[in-house]
Amino acid sequence: MASKQLNLFSSPADVALQPLRVTPLPDVGSLIERIGSDEDWQERTLSEVLELWPCLYDEYVQVLLEPRKQAEEWFKQNGTHYETASPATRQHYRREHAALADAKNLFHSILYGLYSQRMETLFAQAKQRLISKGLTGVALEGCEEFFNDVFQRPEYPDLGKRLPQLMNDLAVEYAKSVT
């Protein structure tokens, strides 16, 4: 029987490490492009704008929630126990979780910020139409709430209207309601 002796000078056997997952992040530029400019919104219908938010939210924010949760869960289960994971692996999942959380916050803030900015531009244009029709002060106070209510609970005929036509119609309707 041949006995095995420990050779202290030999290199350790290669250990197959599982690849560490790095979640690919969506492109910030494509999000901004998909939201579009104020000019792009002049060509969109109310229906297109209302469908845009959930689509973009799913593609750029929601897609990061599950991988972030997985990285967080892995770290909770394995990262605190030094005997179950190497320091490098624990550090990787900590960084992965932080990167995903930062990306989620970034995409959410860009989406919310630009989407809100486009809406504010539409409302400001309609408000300017009301001012040009002679409405001032108290009469203008509720117009943005009126516009927002239509966006929150649109009537079927409004869904197919392009935004400039819709906002013009809403300005006319609002002016009639306050005069």
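The values are calculated or read from the model by the stated rules, or taken from the named source; none is laboratory data. Just so it is clear, the model here is predicted, and its values are computed rather than measured. Cβ sites come from the backbone with ideal geometry, for glycine too, and all protein chains shown count toward neighbours. Just so you know, the surface numbers come from the protein's heavy atoms only, side chains and all, with ligands and any DNA or RNA stripped out. Shrake-Rupley method; radii C 1.70, N 1.55, O 1.52, S 1.80 Å.
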Note on region 48-62: residues crowded, with 16+ Cβ neighbours inside 10 Å and touching a Leu at 6+ places or on another chain (Cβ under 8 Å) are Val49, Leu56, Tyr57, Tyr60, Val61
Check whether at least one residue in region 82-89 is of a type in the set (Phe, Trp, Tyr), free of Cβ contacts under 8 Å to residues at least 40 places away in the same chain and either within 19 Å of Thr23 (Cα to Cα) or in a loop (DSSP other than H, G, I, E, B) (or both), and report yes or no. yes
Does Glu66 satisfy being modelled with pLDDT under 95, among the acidic types (Asp, Glu) and open to solvent by 80 Å² or more (accessible area, probe 1.4 Å)? yes
Of these, Thr45, Thr84, which one is surrounded by 12 or more Cβ atoms within 10 Å (Cβ to Cβ) and either more than 30 Å from Arg162 (Cα to Cα) or modelled with pLDDT of 95 or more (or both)? Thr45
Condition test on Arg90, is it of a type in the set (Lys, Arg) and within 17 Å of Phe151 (Cβ to Cβ)? no
Can you tell me which residue within region 1-42, out of those that are within 30 Å of Gly113 (Cβ to Cβ), aliphatic (A, V, I, L, M) and assigned to a loop (DSSP other than H, G, I, E, B), is modelled with the lowest pLDDT? Val22
Does region 159-179 hold any residues that are within 20 Å of Glu39 (Cα to Cα) and either touching a residue at least 60 places away in the same chain (Cβ under 8 Å) or over 27 Å from the mean Cα position of the chain (by Cα) (or both), and which are they? Leu159, Gly160, Lys161, Arg162, Leu163, Pro164, Gln165, Leu166, Asn168, Asp169, Leu170, Ala171
